[in-house]
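*Asks:* The structure follows.
The values are calculated or read from the model by the stated rules, or taken from the named source; none is laboratory data. Here the structure is a predicted model, which is why all the values come from computation and not from measurement. Reconstructed Cβ throughout: ideal geometry from the backbone, glycine too, with neighbour counts over all protein chains shown. Note: areas computed on protein heavy atoms with side chains; ligands, DNA, RNA excluded. Shrake-Rupley method; radii C 1.70, N 1.55, O 1.52, S 1.80 Å.
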Amino acid sequence: MKLQTFFFSKDEHGGQARLIGDELSKLFKCKCDQIPPAYQCNKEKLVILTYEKYGKMPKKFTEFIESLTTEKVYNVALIELSNKGNEAFDELKTIFDKNGVKVVDTLGLVVKKGLFGSPKLSDDQLKQAVDFSHKIAASMFDSID
């Protein structure tokens with residue numbers, strides 16, 4: 001199986017995006033790495049990107065997205081955590097389309113960030129992200145279940 005999962009958060013510990021990334025890593029028995037990753041993708045069939053979008057996306061995140069070409073990955077699935085749940089999909093899809101990478105599906109999770117304190121992912125939202133990812137992987141790989 002050629003699958004990887006990455007997460008991005010402005011939180012130095014990975015925030016809520018890391019919780020999803022870690023669950024997916026266990027489920028698929030694959031690497032989970034923070035963006036920018038220590039190791040680049042290499043002809044991955046599927047990459048699942050989980051990211052938090054609160055304000056402008058940092059340069060290191062957009063540079064990583066722009067670096068993903070068909071030499072590194074063929075398909076991506078996006079899981080966004082934000083106040084609206086769909087703030088960066090169009091921007092990211094445009095970048096992936098330009099690079100020839102197919103966005104197979106997106107999942108937007110509304111995880112409100114208050115003035116003080118961090119956003120908190122519910123157990124139901126975590127399950128929703130895992131189920132979403134499992135469904136996509138099962139449609140692309142024979143050995144998922």
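*Asks:* Within the chain, what whole-number % of the accessible surface is contributed by carbon and sulfur, with the 1.4 Å probe and all protein chains included in the calculation? Don't skip to the end; give the middle numbers.
*Replies:* Numbers: 3720 of 7770 Å².
Exposed carbon and sulfur together represent 48 percent of the surface.
*Asks:* Can you pull out the trypsin sites (Lys or Arg not before Pro) in segment 13-103 that DSSP calls coil and that have at most 16 other Cβ atoms within 10 Å? Intermediate values should be presented prior to the final figure.
*Replies:* Numbers: sites: ARG18, LYS26, LYS29, LYS31, LYS43, LYS45, LYS53, LYS56, LYS59, LYS60, LYS72, LYS84, LYS93, LYS98, LYS102; in loops: LYS29, LYS31, LYS43, LYS45, LYS56, LYS72, LYS84.
Qualifying residues, ordered by number: LYS29, LYS31, LYS43, LYS45, LYS56, LYS72, LYS84.
*Asks:* Computed FRET efficiency, Cβ-Cβ of LYS112 and GLN34, R0 22 Å: what is it to the nearest 0.05?
*Replies:* Values: r = 23 Å, r/R0 = 1.05.
For R0 = 22 Å, the calculated efficiency reads 0.45.
*Asks:* Shifting gears a bit: If you scale each eigenvalue of the Cα gyration tensor by 5 and take the root, what three semi-axes come out for the chain, rounded to whole angstrom and sorted largest first? Don't skip to the end; give the middle numbers.
*Replies:* Numbers: eigenvalues 96, 64, 37 Å².
Ellipsoid half-lengths, sorted descending, are 22, 18, 14 Å.
*Asks:* Under a crude label model (7 Å from the Cα following the beta-carbon direction), how far is ASN99 from LYS10 in nanometres?
*Replies:* Going from the ASN99 label point to the LYS10 one covers 2.3 nm.
*Asks:* While we're on this one: Probe of 1.4 angstrom, ligands and nucleic acids ignored: what's the accessible area per residue over the chain, in square angstrom? Kindly include the intermediate steps, with their values, before the conclusion.
*Replies:* On the way: 7770 Å² over 145 residues.
Using a 1.4 Å probe on heavy atoms only, each residue of the chain averages 54 Å².
*Asks:* Taking a 21 Å limit on the Cα-Cα distance, which of the listed pairs LYS29/LYS98; LYS45/LYS120; LYS2/LYS26; LYS29/LYS102 fall beyond it?
*Replies:* Details: LYS29/LYS98 30 Å; LYS45/LYS120 31 Å; LYS2/LYS26 15 Å; LYS29/LYS102 23 Å.
Too far apart for the 21 Å limit: LYS29/LYS98; LYS45/LYS120; LYS29/LYS102.
*Asks:* How about LYS113: which aspartates and glutamates have a C-alpha closer than 20 Å to its C-alpha, ignoring those fewer than 8 places off in the same chain?
*Replies:* Once the sequence-local aspartates and glutamates are set aside, what remains near LYS113 is ASP11, GLU12, GLU52, GLU80, GLU87, ASP123, ASP124.
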